[in-house]
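**Student:** Encoded as structure tokens, here's the structure I'll be asking about.
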Amino acid sequence: MISKKKAIIGSIVLVVVTAILTSTVQLALGNKVVISKDLYESYKKYNKLIGLQQIVGEDFYQEVSEDDLVQGAIKGMFSGLDDIYSQYYTKEEFEQLKEQTSGSFVGIGVYISATSDDDYITIIAPIEGSPAEKGGIKSGDKIIKVDDQNVYANESDKAISMIKGKAGTSVKLTVKRGEEEFELTIKREEIVSKSVESKVLDDNMGYLKITSFNENTYDEFKEDLESLKEKNIKGLVLDLRNNPGGLLDICADIADDLIGEGTIVYTKDNKDDKEYLKSDKNKLGLPIAVLVNGGSASASEILTAAIVDNNEGIAIGTTTFGKGLVQSVRELKDGTGYKLTTAQYFTPNGDYINGKGIEPKIVEEDERKQLDVAVEWIKQQLK
């Protein structure tokens, strides 16, 4: 019976030998193989990793799981990118990631992210009506501990798994808000988030709120927008406050229905190649006031900039979160997966908002007044 360790080493050797035999520069000399310098250097860099793996397996004081070592090495590779948004996920972690865009999961109902200013996990926004919102969690809060265990941004997947649990159970969070630290105990519930809601305000003003961009958002948006149009609204207040973003293609579909022919967003990769997302001629054709705040991030900022830069409306509120990076999410054959930052995105006017956000045309700090300001602005456009 071949040991697991020998089997892994044998597999590595097999991969190396296969690569060598398929190399364009090779020559067999007895029991030796001559390969190109580039190929040799390519494999030489992993000598230390393989050597240390053997030492750990032999000398660590407890039994070592080689699967855990491999997973840790892969996670370390992504950590070495020094990018807070790029991450490798185990099978269980990737399932949790997919839940975030499905619109249904068990937890406390928060959208989190890392930020470049510290090592803590930052609350982008609590889901409206969620246990987190009812329990007092606010946009910008930092999670310091989960059930008295320290958690950090580079282990956000671990923190998420600790925060989630069975419906009806509770989790204790240590939260930092400014210089204040305090504890909150929040009961977990099944979160089924309807991402769009709408109504008609006084004077036939349409109001449409999008809380996230998940798999169901565009269908919900389309249905609500058509309902508003049937009621002959004169303008639209689009509320993106505390919307942390989500799926780019869903955001682009929504922008396409609102702004008419133009650029929604463009991206630039590490080769400086640009890719443009364009919209067709169809548009709402009414004044649009977009409500934003510090919890409006990523896809929310893309939609806001698409409306503003194409002169279909203005932004009102406070400066947005400032996330101008695009992630590709891929699931691997074994159920694991990764999220990798593959491009920067730019607004139609060419602004790069990462780390600085979008400053609204009309700044209104008091969120209770922002809707009234938006309605008044629309009325001015109709005169």
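The values are calculated or read from the model by the stated rules, or taken from the named source; none is laboratory data. Owing to the predicted nature of the structure, the values given are computational and were not obtained by experimental measurement. Glycine also receives a Cβ, built like all others from the backbone with ideal geometry; neighbour counts cover every protein chain displayed. Side chains included, ligands, DNA and RNA excluded: accessible areas come from the protein's heavy atoms. Shrake-Rupley method; radii C 1.70, N 1.55, O 1.52, S 1.80 Å.
**Student:** Only one of Ser296, Ser227 is of a type in the set (Ser, Thr, Tyr) and either in contact with a Phe, Trp or Tyr (Cβ under 9 Å, 6 or more places away or on another chain) or touching a residue at least 40 places away in the same chain (Cβ under 8 Å) (or both). Can you tell me which?
**Tutor:** Result of the check over Ser296, Ser227: Ser296.
**Student:** Just the residues that are in a loop (DSSP other than H, G, I, E, B), at pLDDT 95 or above and surrounded by fewer than 18 Cβ atoms within 10 Å (Cβ to Cβ), please, taken from segment 357-383.
**Tutor:** Scanning segment 357-383 gives Glu359, Lys361, Glu365, Asp366.
**Student:** Right, next: Give the residues of segment 64-86 that are part of a helix (DSSP H, G or I) and either under 20 Å from Thr341 (Cβ atoms) or of a type in the set (Phe, Trp, Tyr) (or both), sorted by residue number.
**Tutor:** Answer for segment 64-86, where residues must be part of a helix (DSSP H, G or I) and either under 20 Å from Thr341 (Cβ atoms) or of a type in the set (Phe, Trp, Tyr) (or both): Ile74, Lys75, Gly76, Met77, Phe78, Ser79.
**Student:** In segment 46-63, what count of residues is obtained for those that are surrounded by 10 or more Cβ atoms within 10 Å (Cβ to Cβ) and in a loop (DSSP other than H, G, I, E, B)?
**Tutor:** 2
**Student:** Take the residues in segment 168-197 that are among the charged types (D, E, K, R) and assigned to a loop (DSSP other than H, G, I, E, B); name whichever of them is most open to solvent (accessible area, probe 1.4 Å). Show your work before the answer.
**Tutor:** Of the residues in segment 168-197, the ones among the charged types (D, E, K, R) are 172, 176-177, 179-181, 183, 187-190, 194, 197.
With the extra rule that they be assigned to a loop (DSSP other than H, G, I, E, B), the set shrinks to 179, 188, 194.
Details: Glu179: 171, Arg188: 19, Lys194: 124 Å².
The extreme case among them is Glu179.
**Student:** Can we say Val192 is closer than 17 Å to Asn243 by Cα, at pLDDT below 90, in contact with a strand residue (DSSP E or B) (Cβ under 6 Å, 6 or more places away or on another chain) and not aromatic (Phe, Trp, Tyr)?
**Tutor:** Answer is yes for this residue.
**Student:** Any residue at all in segment 157-167 that's touching a strand residue (DSSP E or B) at 6+ places or on another chain (Cβ under 7 Å), within 15 Å of Ile137 (Cα to Cα) and either at pLDDT 95 or above or part of a helix (DSSP H, G or I) (or both)?
**Tutor:** Yes, the conditions are met somewhere in segment 157-167.
**Student:** What tally of residues in segment 129-154 results from selecting those that are modelled with pLDDT under 90, surrounded by 19 or more Cβ atoms within 10 Å (Cβ to Cβ) and in contact with a Gly (Cβ under 8 Å, 6 or more places away or on another chain)?
**Tutor:** 2
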